[in-house]
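Worksheet: the structure to be examined is printed underneath.
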Amino acid sequence: MEMNIKQQHCTEKYICGSAFSCIARALKLAGKLYSNMSDETFMKAAVAKTKEGIKKGQTPFGACIVKDGKIVSCAHNTVWKDTDITAHAEINAIRQACRKLSRRIPGRGKTVNLENCVIYSTCEPCPMCFSAIHWAKIDKIIYGATILDAKKAGFSELKICNADMKEFGCSPVKILGGFMREEALELFKQWSKRKDKKVY
């Protein structure tokens with residue numbers, strides 16, 4: 001499928017490619033964003049939170065938001081717990097981070113600005129979550145499994161990778177895909193063994 005999308009100051013072509021090509025493009029788009037021990041620590045926190053969710057009958061997705069080298073929020077998907085189709089891990093983490101950072105700004109009211117933050121997601125954010133990340137002005141996305149991995153697990157995903165969202169949306173967010181992907185795929189395996197598993 002191919003579609004031309006034209007915007008002021010931005011003309012891009014969208015082609016829904018393979019998981020491999022999307023990861024390769026995400027790595028290219030990341031520029032000088034390289035992984036380090038801190039990245040591994042924060043992704044492990046997202047993985048641990050995902051495991052908590054799986055044990056509670058939720059789906060195998062988790063996200064962690066970090067600012068200045070410290071975890072601001074960490075959340076798992078709660079779509080079934082909250083009967084809320086928008087309660088993805090990234091959305092939950094963004095909501096928590098905004099509330100937490102708002103409390104740190106006395107006299108300045110609430111904030112939805114998460115600039116200088118990095119979000120670590122066990123799976124590539126869906127278009128809804130990518131849009132929320134963009135609007136929150138999060139600087140970087142680091143994810144493990146791909147959208148196509150989630151689709152293979154049975155989830156009704158739109159096959160639009162983050163690299164394409166960034167390009168035809170002209171978003172400044174940096175992307176590093178496929179980080180600790182094997183650990184992320186293991187979460188799907190753990191979830192798939194549960195008798196109470198549900199998709200959406």
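The values are calculated or read from the model by the stated rules, or taken from the named source; none is laboratory data. All figures in this text were calculated on a predicted structure; none of them were measured in a lab. Cβ atoms come from the backbone with ideal geometry, glycine included; neighbour counts cover every protein chain shown. Side chains included, ligands, DNA and RNA excluded: accessible areas come from the protein's heavy atoms. Shrake-Rupley method; radii C 1.70, N 1.55, O 1.52, S 1.80 Å.
See the values below:
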item: Distance (nanometres) between label positions extended 7 Å along Cα→Cβ at Asp139 and Ser192; result: 3.7 nm
item: Highest-first arrangement of 187-200, 89-102, 148-161, where packing means the average Cβ count within 10 Å; result: 89-102, 148-161, 187-200
item: Exposure rank, largest accessible area first [Cys64, Cys74; 1.4 Å]; result: Cys74, Cys64
item: Long-range amide H partners of Val72 with built H, under 5 Å; result: Ile65, Val66, Lys67
